[in-house]
Amino acid sequence: MSPIQVPDAPVVLSSASVYPEKTPAAFEIAAKLGYDGVEVLVSSDPASQDIDLLRRLSDYHQMPVTAVHSPCLVLTQRVWGREPWGKLVRSKEMAEALGAKTIVVHPAFRWQREYAREFESGISRMQDETDVVFAVENMYPVRVRDREVVPYAPSWNPLDRDYPDVTLDLSHTAMSGSDAMQMARQLGDRLSHVHVTDGFGGQNLDEHLIPGRGTQPVGELLEYLAEGGFGGQLVLEVSTRKAADRQARMRELAEALAFTRLHFAQTSSPSGRTHDRRERIALLRRKPSAPPRRFSVDGGGTVDDKGTVDPGGN
């Protein structure tokens, strides 16, 4: 049997994935399902803003906080004040205090003119002050009547900028109509963080579907990253808000984790050839069986191994 080779990248649960449940539920569910950590989305939930509480949750569930998502969404504009650089400073302080390695940040909104003008140089300046990585996320334009409107500046597309680290979100590639594989290849080593999710795009819907339920090449991307020895973080940022209850939510998040782990594991044959997904599934299911052996026992209780049984013999 070929060995299963799993790169070192952790598979992490975003606290956004348990909404409308609160941040503590993310730690509990991540621990029960076997995730490698939690990405905390700083939101209006007080628990998501409390470093001491997050540390206790992390210790109790033995579930590290590996990333912090800064409160830069439209719905979190008032969290930690309205000054955008202040939000990033507090995100950095939280990440450093909790031992997180990454801060996810969106590009500026167009109406944040001064922030947008200084965004790229400001991110670079803040990066020089910490070992925590600022990974700028790909976003999308929106349709207003018959016009395409871009709400982000200097650009929604990280390929247009020189950010040293980027978060690739596959619900956002669906929204923007981007080729996720091409974007990943062009980003190269700058791709350090992935929001593993899915979507169909269109109608301005940022769906964040369970991977495999939309049209994005999620499995193909994970296989590509595995073959390249990706060492960043894979974060399940999906929507389970329509789940009927906790058990239904956990089933969806277990499915998302299984999909990610299956596609991110690669197997290599002795010749060095990497197997495709169907071959990997077969290898995982196949159980090696040793050929049967024949033994004899003499009157003194001594066991004599007669060797393997010839299947073709009588």
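Results, tabulated for the structure shown:
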{"item": "Region 221-244, subset out of contact with any Leu (no Cβ under 9 Å at 6 or more places or on another chain) and among the acidic types (D, E), residue least open to solvent (accessible area, probe 1.4 Å)", "result": "E223"}
{"item": "Those strands (runs of 3 or more DSSP E) lying entirely in region 134-251 with at least 3 residues modelled with pLDDT of 95 or more and among the basic types (K, R)", "result": "none"}
{"item": "Flag if T173 is touching a residue at least 60 places away in the same chain (Cβ under 8 Å), open to solvent by less than 10 Å² (accessible area, probe 1.4 Å) and not charged (D, E, K, R)", "result": "no"}
{"item": "Residue within region 74-84 that is touching a residue at least 24 places away in the same chain (Cβ under 8 Å), under 15 Å from I123 (Cα atoms) and more than 19 Å from the chain's Cα centre (by Cα) present", "result": "yes"}
{"item": "Matching residues in region 85-113 - criterion: being farther than 23 Å from D52 by Cα and more than 24 Å from the chain's Cα centre (by Cα)", "result": "F109, R110, W111, Q112, R113"}
{"item": "Residue ranges of strands (runs of 3 or more DSSP E) in region 1-105 with at least 2 members open to solvent by 60 Å² or more (accessible area, probe 1.4 Å), at pLDDT below 95 and of a type in the set (K, R)", "result": "none"}
{"item": "Filter result for the condition that a residue is closer than 17 Å to F230 by Cα, charged (D, E, K, R) and surrounded by 14 or more Cβ atoms within 10 Å (Cβ to Cβ), over R190, R213", "result": "R190"}
{"item": "Test result for S192, farther than 19 Å from F264 by Cα and not charged (D, E, K, R)", "result": "no"}
{"item": "Test result for S121, open to solvent by less than 20 Å² (accessible area, probe 1.4 Å), among the polar types (S, T, N, Q) and either out of contact with any Asp or Glu (no Cβ under 7 Å at 6 or more places or on another chain) or in a helix (DSSP H, G or I) (or both)", "result": "no"}
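The values are calculated or read from the model by the stated rules, or taken from the named source; none is laboratory data. For clarity, every value in this text was computed on a predicted model and none was experimentally measured. No Cβ is skipped: glycine too gets one built from the backbone with ideal geometry, and neighbour counts run over all protein chains shown. Keep in mind that these areas ignore ligands, DNA and RNA; they rest on the heavy atoms of the full protein, side chains included. Shrake-Rupley method; radii C 1.70, N 1.55, O 1.52, S 1.80 Å.
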